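The values are calculated or read from the model by the stated rules, or taken from the named source; none is laboratory data. Predicted model, so just to flag it, every value in this text is computed and none were measured. Positions of Cβ are backbone-derived with ideal geometry, glycine not excepted, and every protein chain shown enters the neighbour counts.
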Amino acid sequence: MSYQEKFRLDGERAVVTGGGRAIGLCCTEALAEAGAAVVVIERSEADARQALALRDKGYDIEVRVGDVTDAGRMDAIANELAGGARPATILVNNAGIGQNGIAAEDLTDADWLRMMDVNLNGVFWCSRAFGRHMISMKRGAIVNLGSMSGHICNRPQPQTAYNVSKAAVHHLTRSLAAEWAQHGIRVNAVAPTYIETPMVVAVEANRERIPIWLADTPMGRMGTPEEVASAVLFLASGAASLMTGAIVNVDAGFTCW
């Protein structure tokens with residue numbers, strides 16, 4: 001097999017949670033372009049319209065409505081795909097939420113629990129649901145969206161809950177990788193820097209934060225969703241066949257300083 005062929009995903013079926021927007025949408029397109037049939041899980045069909053529009057490029061895209069915090073629904077989707085004789089062989093746990101600017105002493109119980117429910121529990125529910133079928137097949141690749149915030153404490157904004165949720169995702173990644181390697185399943189994560197999306201740029205408070213973020217970044221810039229998706233594609237593909245339990249920084253050097 002040539003090196004280029006190792007990046008191909010022909011015959012694979014990938015699931016991307018939150019695959020209809022921003023980083024998730026780019027992951028959906030990257031995997032589909034590499035030949036995978038992609039199933040996008042979004043909370044509503046309206047959120048997934050952009051993913052469905054990729055069909056115009058000839059890609060095999062489907063949508064399932066579901067919230068990653070609903071463990072039963074994730075089980076149902078995984079079982080449905082497996083029951084149709086096309087179980088998922090790739091899972092990208094992209095769905096997540098962010099919240100910053102709230103001091104730890106002002107965080108409500110609801111704020112904390114919601115962050116953990118989506119960013120951590122949702123990753124585990126999905127990994128467990130689809131991982132069961134991967135174990136039966138003796139193969140699979142899971143890629144989690146962590147964050148450089150799982151390694152460092154951001155400044156100037158306080159964001160304890162988010163940082164902790166992503167640090168937990170990193171260790172969940174390593175734990176599942178160690179446990180499931182015997183079943184032929186690889187589990188890795190990417191840890192992005194600040195990514196230039198409309199959601200980030202549109203936040204008024206970020207106008208004063210961005211210069212500080214860039215001053216702390218060796219490359220002096222934010223990332224793009226496409227750059228994160230490229231790393232996800234690599235980890236999902238056979239090109240990363242010897243990698244499991246890795247947390248790959250896609251951070252423009254931020255964690256070097």
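For segment 78-121, how many residues are within 27 Å of ASN206 (Cα to Cα) and either in contact (Cβ under 8 Å) with a residue 12 or more places away in the chain or part of a loop (DSSP other than H, G, I, E, B) (or both)?
Number satisfying all stated conditions: 23.
Residues in segment 138-182 that are over 18 Å from VAL92 (Cα atoms) and of a type in the set (Ser, Thr, Tyr) were compared, and the one that is surrounded by the fewest Cβ atoms within 10 Å (Cβ to Cβ) is THR160. Taking the criterion of being assigned to a helix (DSSP H, G or I) and more than 15 Å from the chain's Cα centre (by Cα), the residues of segment 230-257 that qualify are GLY238, ALA239, ALA240, PHE254, THR255, CYS256.
Answer yes if at least one residue in segment 156-177 is within 18 Å of ARG139 (Cβ to Cβ), of a type outside the set (S, T, N, Q) and assigned to a loop (DSSP other than H, G, I, E, B), and no otherwise. No, segment 156-177 contains no residue that is within 18 Å of ARG139 (Cβ to Cβ), of a type outside the set (S, T, N, Q) and assigned to a loop (DSSP other than H, G, I, E, B). Within segment 40-49, does at least one residue satisfy the condition of being surrounded by fewer than 24 Cβ atoms within 10 Å (Cβ to Cβ), outside any loop (DSSP other than H, G, I, E, B) and at pLDDT 95 or above? Looking through segment 40-49, none of the residues is surrounded by fewer than 24 Cβ atoms within 10 Å (Cβ to Cβ), outside any loop (DSSP other than H, G, I, E, B) and at pLDDT 95 or above. Do you know which residues across segment 190-224 are outside any strand (DSSP E or B) and touching a Ser or Thr at 6+ places or on another chain (Cβ under 7 Å)? Hits for segment 190-224 are THR193, GLU196, THR217, MET222. For segment 103-114, the criterion of a residue being over 22 Å from LEU233 (Cβ atoms), buried (at least 20 other Cβ atoms within 10 Å of the Cβ) and either among the aromatic types (Phe, Trp, Tyr) or modelled with pLDDT of 95 or more (or both) is satisfied by no position. Checked against (1) part of a helix (DSSP H, G or I); (2) in contact with a strand residue (DSSP E or B) (Cβ under 6 Å, 6 or more places away or on another chain); (3) among the charged types (D, E, K, R); (4) touching a residue at least 60 places away in the same chain (Cβ under 8 Å), GLU29 passes all but condition (2). Considering ALA88, ALA48, the condition of being of a type in the set (Gly, Ala, Ser) and in contact with a helix residue (DSSP H, G or I) (Cβ under 9 Å, 6 or more places away or on another chain) is satisfied by ALA88 alone. The single condition among (1) touching a residue at least 40 places away in the same chain (Cβ under 8 Å); (2) part of a helix (DSSP H, G or I); (3) crowded, with 16+ Cβ neighbours inside 10 Å that GLU227 does not meet is (1). Considering only residues in segment 199-248 that are at pLDDT below 95 and among the hydrophobic types (A, V, I, L, M, F, W, C), the one that is farthest from ASN94 (Cα to Cα) turns out to be ALA205.
This table checks each residue for (1) closer than 21 Å to ARG8 by Cα; (2) of a type outside the set (A, V, I, L, M, F, W, C); (3) surrounded by 15 or more Cβ atoms within 10 Å (Cβ to Cβ).
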| position | (1), (2), (3) |
| --- | --- |
| ASP56 | yes, yes, no |
| ARG73 | no, yes, yes |
| LEU81 | no, no, yes |
| GLY84 | no, yes, no |
| ILE90 | yes, no, yes |
